[in-house]
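Below is one structure, written out as structure tokens, with a few remarks after it.
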Amino acid sequence: MKYIVILCDGMADEPIDRLEGKTPLEAARTPNMDRLAKNAEIGMARTVPEGMAPGSDTANLSVIGYDPRKYYSGRSPLEALSIGADMGKDDVSFRCNLVTLSEGEERYEDHTILDHSSGEISTEDAAVLIEALKNEFAHGSASERPCYAPGYIFYVGTSYRHLLIQNNGKVVDLTAPHDILTKRIGDYLPSDPVLRDMMVRSYDILKDHPINVKRRAEGKNPANSAWFWGAGTRPALTSFEEKNGVKGAMISAVDLLKGIAVGAGMHNIIVEGANGGLHTNYRGKGQAAVKALTEDGYDFVYVHIEAPDEMGHQGSAEDKICAIEYIDDQVIGPVTEALEKSGTDFRMLIMPDHPTPVRVRTHTSDPVPYMIYDSTKLVQGKDSYNEKTGQETGVFIEKGYTLIDHLLEK
């Protein structure tokens, strides 16, 4: 038996009036998911424990089978594992987003966050901007600005997602930029004076950088400020293979998921053209998953697709529907067909990690619908897979991290 998870980040949502009271998942054309639903177990699962923040970190840890209350030590440390950042036991890591702030305000605290992803900036452009921050903070004159390099180190990640490591640091409460879109930032800046000052100065460094001048000319959002959040210390996950008795691999464009894989001893499979955006290499991810299961000796593959979450943050129901349809057409359909043709017995789990409703443009902690299809069993399912049918079954998994045991049960 082979096992595959298709994790559609942020896919769950709320009924939307302009979609005739349907969610994006209900409104999307998903013939492949609907075909599987007729012979699948469908239910709801709570992936974010009550009282914990509804992030992709806690939620994906749950889906992979790790109790967030036991294993979670912060989001950015998981990303640090992915990019090979050197973290000592007393070091603290921070996610460093390159964000788009409104322009024209005299005081930094009066700006608003317009885009947490700077228009899904390319890694190539972002790397140039991160290098500019590194150079300025490391080499600026002491009379002009403090020198932060001795205790703070920048690392380039992917797209708008980067890291700052503080040697011998302290975990502080910080706000995720996607939680305060369009809001004045003054009430959400770090209380830590060094982090706050670095963010203020990052705007001065980046706003007129040639990369951003070019982006404005092209009608793109400038990446005009750093935003620190997600502080945490080095995590310690138990081996996925030792824990579950299966050899696992991760397919994701997002450093967070790659970091979870590194911590769990899973192999990261890199797919060319996978970028975490709406126009990612969906088909390539599916093909890589099939190859891993049928040719490369893996028993379990976790395919993480970021696009629905990003479109939820953008507040676009139409683009979120588009992302879901891409997943159905270019991932779920081809993967199912290829595994069936190969004669492989398989179980497929399809689910979001958390909702990202377009109304609020950020994560919520509501339970999410899941579907488990077993190619070797005939069961009575539903005509479609979505939030509504998940609730109708009455099946509810309170501890989301136990769902993996159900998927892998012998």
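Miscellaneous remarks
- Boolean, D328 is at pLDDT 95 or above, assigned to a loop (DSSP other than H, G, I, E, B) and of a type in the set (D, E): no
- Any chance V301 is open to solvent by 50 Å² or more (accessible area, probe 1.4 Å) and hydrophobic (A, V, I, L, M, F, W, C): no
- Of L378, L339, L293, all but one fail to be of a type in the set (A, V, I, L, M), more than 28 Å from E272 (Cα to Cα) and either in a helix (DSSP H, G or I) or touching a residue at least 12 places away in the same chain (Cβ under 8 Å) (or both); the exception is L378.
- Hits in segment 354-380 - residues which are open to solvent by less than 60 Å² (accessible area, probe 1.4 Å) and over 23 Å from the mean Cα position of the chain (by Cα): Y373, D374, S375
- From D405, D345, D319, D383, residue being charged (D, E, K, R), open to solvent by 30 Å² or more (accessible area, probe 1.4 Å) and within 19 Å of the chain's Cα centre (by Cα): D319
- Test: residue in segment 126-136 that is assigned to a strand (DSSP E or B), open to solvent by 20 Å² or more (accessible area, probe 1.4 Å) and at pLDDT 90 or above: no
- Failed item, numbered, when A317 is tested on (1) closer than 24 Å to L61 by Cα; (2) in contact (Cβ under 8 Å) with a residue 60 or more places away in the chain; (3) among the small types (G, A, S): (1)
- Matching option when the condition is crowded, with 20+ Cβ neighbours inside 10 Å, hydroxyl-bearing (S, T, Y), in contact with a Lys or Arg (Cβ under 9 Å, 6 or more places away or on another chain) and in a helix (DSSP H, G or I), among S62, S93: S62
- Figure legend. Inter-residue proximity from segment 231-245: first residues in contact (Cβ under 8 Å) with a residue 40 or more places away in the chain, second residues open to solvent by 20 Å² or more (accessible area, probe 1.4 Å) and among the polar types (S, T, N, Q), beta-carbon distance below 8 Å, spacing 6+ or different chains. Indicated pairs: G232/S73; T233/S73; R234/S73; P235/S73; A236/S73.
The values are calculated or read from the model by the stated rules, or taken from the named source; none is laboratory data. None of these values were measured; they are calculated from a predicted model. Please note: Cβ atoms are built from the backbone with ideal geometry, for glycine as well, and neighbour counts cover all protein chains shown. Accessible surface areas use protein heavy atoms only, side chains included; no ligands, DNA or RNA. Shrake-Rupley method; radii C 1.70, N 1.55, O 1.52, S 1.80 Å.
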